[in-house]
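K.L.:
Pasting a structure here, questions to come.
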Amino acid sequence: MQPEDRPQQGGAADPRPLVGEPLALDLLNTRWNEDGVRYDLLESVDGLAIWLRSAGLDDRAVADEATLEAALETRGTLLGLMEKGSSPETVDPLNRVLEHGALHYRLGLDGPENRPQTDDVVWLPSWLAAVDYLRLMTDSPDRVKPCAHPNCVLYFHDTTKNGTRRWCSMAICGNRAKAARHYERVKGER
């Protein structure tokens with residue numbers, strides 16, 4: 001699906017090739033490559049507004065420079081963890097993001113409730129993404145994967161039954177890999 005073909009929901013269309021992943025991965029996937037060109041949705045406040053809307057956070061956070069700065073810092077932190085694994089250099093920045101908020105429990109009319117609260121509203125999307133990263137690492141760390149295509153920088157949560165998904169999208173990177181293998185096979189037969 002081309003960026004201009006993607007559905008719009010109350011604003012500019014989300015141009016990213018992979019949306020709908022868990023929040024931590026969705027934040028990571030605000031940067032991508034397409035046809036050899038690097039894109040970054042978070043290069044502007046307008047892009048942040050698109051991400052907040054796509055992530056369902058536009059009613060809880062404001063797209064402004066401060067929120068953008070927090071999101072970029074958190075994205076870099078998550079990227080470091082994904083690429084380098086856990087070390088003091090990668091864990092400490094995530095813990096600093098987590099220190100911006102807490103989950104508050106209470107009893108509501110419909111039963112138990114929990115509400116995230118942050119020391120500054122600009123940190124809410126970032127804090128939620130950091131908490132989501134912890135959830136993913138607790139529940140299924142082996143199911144959080146980078147796309148196998150060498151030119152792709154996207155991450156996904158593998159929800160397949162056998163856990164063997166390799167591509168961010170079979171329609172995009174999977175087909176590219178199949179086409180490249182076919183080309184090499186045909187070229188070798190000549």
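The values are calculated or read from the model by the stated rules, or taken from the named source; none is laboratory data. Computed from a prediction, not measured in an experiment: that's the story for all the values here. No Cβ is skipped: glycine too gets one built from the backbone with ideal geometry, and neighbour counts run over all protein chains shown.
K.L.:
Return the total of residues in region 127-146 being touching a residue at least 40 places away in the same chain (Cβ under 8 Å), within 21 Å of R166 (Cβ to Cβ) and not aliphatic (A, V, I, L, M).
P.N.:
Qualifying residue count for the region: 1.
K.L.:
Just checking, does region 81-95 include any residue being outside any loop (DSSP other than H, G, I, E, B), under 14 Å from the mean Cα position of the chain (by Cα) and farther than 26 Å from C173 by Cα?
P.N.:
No, there is no match, as no residue in region 81-95 is outside any loop (DSSP other than H, G, I, E, B), under 14 Å from the mean Cα position of the chain (by Cα) and farther than 26 Å from C173 by Cα.
K.L.:
Another question about this same structure. Pairs needed: first member in region 156-177, closer than 16 Å to P22 by Cα and modelled with pLDDT of 95 or more; second member anywhere, aliphatic (A, V, I, L, M) and in a loop (DSSP other than H, G, I, E, B); C-beta distance under 7 Å; at least 6 residues apart or different chains.
P.N.:
Hits for this filter: F156/L18.
K.L.:
Just wondering, is there one or more residues in region 124-143 that are β-branched (V, I, T) and surrounded by fewer than 17 Cβ atoms within 10 Å (Cβ to Cβ)?
P.N.:
First pass over region 124-143, keeping only residues β-branched (V, I, T): 131, 138.
Checking the rest, the ones that are also surrounded by fewer than 17 Cβ atoms within 10 Å (Cβ to Cβ) come to 138.
Yes, region 124-143 contains at least one residue that is β-branched (V, I, T) and surrounded by fewer than 17 Cβ atoms within 10 Å (Cβ to Cβ).
K.L.:
Sticking with this structure for a sec: Can you pull out every residue in region 156-171 that is within 17 Å of the chain's Cα centre (by Cα), outside any loop (DSSP other than H, G, I, E, B) and of a type in the set (A, V, I, L, M, F, W, C)?
P.N.:
Passing the criteria: only F156.
K.L.:
Something else about it: Against the condition of a type in the set (D, E, K, R) and closer than 16 Å to L27 by Cβ, how does E83 come out, does it pass? Even if it seems obvious, please write down each step before you answer.
P.N.:
Numbers: of a type in the set (D, E, K, R): yes; closer than 16 Å to L27 by Cβ: yes.
Against the criterion (of a type in the set (D, E, K, R) and closer than 16 Å to L27 by Cβ), E83 qualifies.
K.L.:
Scan region 43-55 and tell me whether some residue there is in contact with an Asp or Glu (Cβ under 8 Å, 6 or more places away or on another chain), of a type in the set (V, I, T) and surrounded by fewer than 17 Cβ atoms within 10 Å (Cβ to Cβ).
P.N.:
Within region 43-55, one or more residues are in contact with an Asp or Glu (Cβ under 8 Å, 6 or more places away or on another chain), of a type in the set (V, I, T) and surrounded by fewer than 17 Cβ atoms within 10 Å (Cβ to Cβ).
K.L.:
May I pose another question? Please identify the pairs in which a residue from region 111-126 that is in contact (Cβ under 8 Å) with a residue 24 or more places away in the chain and outside any strand (DSSP E or B) has its Cβ atom under 6 Å from the Cβ atom of a residue that is polar (S, T, N, Q) and surrounded by 14 or more Cβ atoms within 10 Å (Cβ to Cβ), counting only partners at least 6 apart or on another chain.
P.N.:
From residues that are in contact (Cβ under 8 Å) with a residue 24 or more places away in the chain and outside any strand (DSSP E or B), the pairs are V122/T67; L124/T118; S126/T74.
K.L.:
Quick one: what pairs do we get from region 79-99, first residue over 20 Å from E69 (Cα atoms), second among the polar types (S, T, N, Q) and surrounded by 10 or more Cβ atoms within 10 Å (Cβ to Cβ), C-beta under 6 Å, 6+ apart or different chains?
P.N.:
K84/T90
K.L.:
Which residue is surrounded by the most Cβ atoms within 10 Å (Cβ to Cβ), if the candidates are limited to region 59-77 and must be within 13 Å of the chain's Cα centre (by Cα) and under 16 Å from E99 (Cβ atoms)? Reasoning before the result, please.
P.N.:
We begin by selecting, within region 59-77, every residue within 13 Å of the chain's Cα centre (by Cα); these are 71-72, 74-77.
This time we only want the ones that are under 16 Å from E99 (Cβ atoms), so: 74, 77.
On the way: T74: 27, T77: 23.
The selected residue is T74.
K.L.:
If we keep just the residues of region 127-155 that are in a helix (DSSP H, G or I) and either modelled with pLDDT under 95 or among the aliphatic types (A, V, I, L, M) (or both), which is nearest to R60 (Cα to Cα)? Write out each step before concluding.
P.N.:
Here is the first cut: in region 127-155, the residues in a helix (DSSP H, G or I) are 127-139, 141-143.
Now narrow it down to the ones that are either modelled with pLDDT under 95 or among the aliphatic types (A, V, I, L, M) (or both): 128-131, 134, 136-137.
Numbers: L128: 11, A129: 14, A130: 16, V131: 16, L134: 21, L136: 22, M137: 25 Å.
The selected residue is L128.
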